[in-house]
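Student: After the structure tokens below, expect a handful of questions from me.
The values are calculated or read from the model by the stated rules, or taken from the named source; none is laboratory data. Note that the structure is predicted; figures quoted are calculated from it, not measured. Using ideal geometry, Cβ is built from the backbone for each residue, glycine included, and neighbour counts are taken over all protein chains shown.
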Amino acid sequence: MSPDLLTPSMSPPFSRLLLATEHTEYDRSAEALAFALARRCGLPLHAVLPLASNPEYEAVAPEVAARADAQAGVQRQALEAQALAEGVAFDIHVRRGAELHACIVDEARERGSDLIVIRRRGKRGLLANLLVGDMVRKVITQAPCGVLVVPAAAPLWGSAVMVGVDVQQPAACGVARAAALAGQFGLPLWLVAVAADEGARGRSQAVLDDALAAARAVHGDSRALLCVGRAAETLIATAQECGADLLVLGRSGSAARPGIGSTAHKVVGNAACPVLVHVDGTESGAR
């Protein structure tokens with residue numbers, strides 16, 4: 001078993017949740033899931049409401065900043081009322097900055113967050129062909145922790161968890177975190193690897209077997225499945241077949257140059273369920 005696939009301390013899989021929201025109609029599902037997750041895990045929920053800021057323009061037109069601050073105040077009060085109604089310990093920070101994604105990433109770093117919960121897309125407009133909103137893509141790429149991307153109308157998972165095992169980077173896929181999550185929720189865990197062709201089956205199966213052994217050391221109800229085909233499409237279809245309502249994938253790149261691979265991008269953009277993009281080095285217990 002590869003020691004990189006398993007981190008000794010696995011429970012809880014996360015303890016410092018951060019909801020990133022602009023409190024628009026596009027954020028409703030992410031907000032609802034974040035509150036449900038905090039309540040289910042007995043955790044406080046922190047939130048950041050990013051606010052675009054241009055100091056030079058605001059110095060000329062201060063009424064613009066005043067209107068934005070007033071609107072943010074209304075949004076903040078609405079979220080605080082929701083938290084009170086749901087019985088979740090909650091605090092929210094309205095954070096101003098030139099770039100919304102940077103507000104979110106900086107907030108996560110300062111709080112030591114180990115999971116960011118965020119919508120998949122905002123208003124589509126001229127960017128209608130984007131699978132994932134530009135702000136969200138930048139958060140995924142730069143976040144210091146895992147990012148849970150929530151599509152519209154996606155509830156908190158309750159059937160099965162599936163982790164996509166990248167045979168090229170198995171240690172970066174979040175196998176241990178997925179196993180801890182499945183175990184905490186009492187759900188089966190599916191580990192799925194996709195070989196590009198029949199010739200790649202042998203190596204892919206070896207990597208998958210290693211990952212399965214690591215997962216079972218954390219959560220006994222773990223199963224493995226090797227498929228052949230196009231990675232993104234196969235992972236999405238297999239999740240539906242397995243009844244998985246949470247997908248876990250690794251973020252590509254390195255600590256110096258992080259990124260989101262094309263497979264993860266397509267899965268995040270097309271999956272019907274929430275997708276947790278795991279950041280290597282943030283397995284449960286990592287600080």
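Student: Starting from region 29-48, take each residue that is on the phi > 0 side of the Ramachandran plot and list its partners that are not in a helix (DSSP H, G or I), counting only C-beta distances under 9 angstrom and pairs at least six apart or across chains.
Tutor: Sorted first by the residue in region 29-48, then by its partner, the list stays empty.
Student: Continuing with this model, one more query. Based on what the data block shows, is VAL149 modelled with pLDDT under 95 and touching a helix residue (DSSP H, G or I) at 6+ places or on another chain (Cβ under 8 Å)?
Tutor: When the stated conditions are applied, VAL149 does not pass them.
Student: Oh, and also: Filter region 96-133 down to residues that are at pLDDT below 90 and touching a His at 6+ places or on another chain (Cβ under 8 Å) and give me whichever is nearest to GLY146 (Cα to Cα).
Tutor: Out of the qualifying residues, it is VAL132.
Student: Same structure, new question: Applying the selection to region 159-210, what residues are in contact (Cβ under 8 Å) with a residue 40 or more places away in the chain and either over 19 Å from ALA239 (Cα atoms) or of a type in the set (Lys, Arg) (or both)?
Tutor: GLN169, ALA171, ALA172, ARG177, GLN184, VAL207, ASP210
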